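Comments concern the structure below.
Read the figures in this text as sums done on the coordinates, not as results from a lab. What you see is a predicted model, and the numbers here were worked out from it, not measured in a lab. Cβ coordinates were reconstructed from backbone atoms using ideal geometry, including for glycine residues, and neighbour counts include every protein chain displayed.
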Amino acid sequence: MELDNFQKEIAKRYKSFDKKSGPFFLMTVLAAEIGELADALKAERVESVKEELADSVFALVSIANIYDIDMSSAIEEKYLKRDMGEIHKNWTEPYLGKRLDEL
Ligand SMILES: [Mg+2]
């Protein structure tokens, strides 16, 4: 299923509930799911990684739906229409001070 279709389906099923819950509730859900993803990665449990990635995307899409943000367009604008060097220039922390292009 394409991200566009997934987002529309999630909006159909959950948008009114998500609007009542609010973005900060969903942010809390997202943070919990990211923690679960970190645990799955640390344990190298691939099936759990898969599940937690799905949970995390679900929370992100739900937040986007509250604001009527098209996730496909947002991702395309940020990561596909820009030069890789421009995207990577501020990514230093995960690599202990090295720029991605220095690795
Ligand atoms: Mg989960």
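The set of residues from the range 39-55 being among the small types (Gly, Ala, Ser) and either closer than 26 Å to Gln7 by Cα or within 10 Å of the ligand (Cβ to nearest atom) (or both) comprises Ala40, Ser48, Ala54. If you go through the range 1-17 and keep only what is surrounded by 15 or more Cβ atoms within 10 Å (Cβ to Cβ) and among the polar types (S, T, N, Q), you end up with just Gln7. Output yes when any residue across the range 18-37 is away from the ligand (no atom under 16 Å from the Cβ), loosely packed, with under 12 Cβ neighbours inside 10 Å and free of Cβ contacts under 8 Å to residues at least 24 places away in the same chain, and no when none is. Yes, because at least one residue in the range 18-37 is away from the ligand (no atom under 16 Å from the Cβ), loosely packed, with under 12 Cβ neighbours inside 10 Å and free of Cβ contacts under 8 Å to residues at least 24 places away in the same chain. Of the residues making up the range 38-65, those that are over 15 Å from the mean Cα position of the chain (by Cα) and either assigned to a helix (DSSP H, G or I) or crowded, with 17+ Cβ neighbours inside 10 Å (or both) are Asp39, Ala40, Leu41, Lys42, Ala43, Val46, Glu47, Ser48. Checked against (1) within 16 Å of the ligand (Cβ to nearest atom); (2) under 23 Å from Ile75 (Cβ atoms), Phe6 passes all but a single condition, namely (1).
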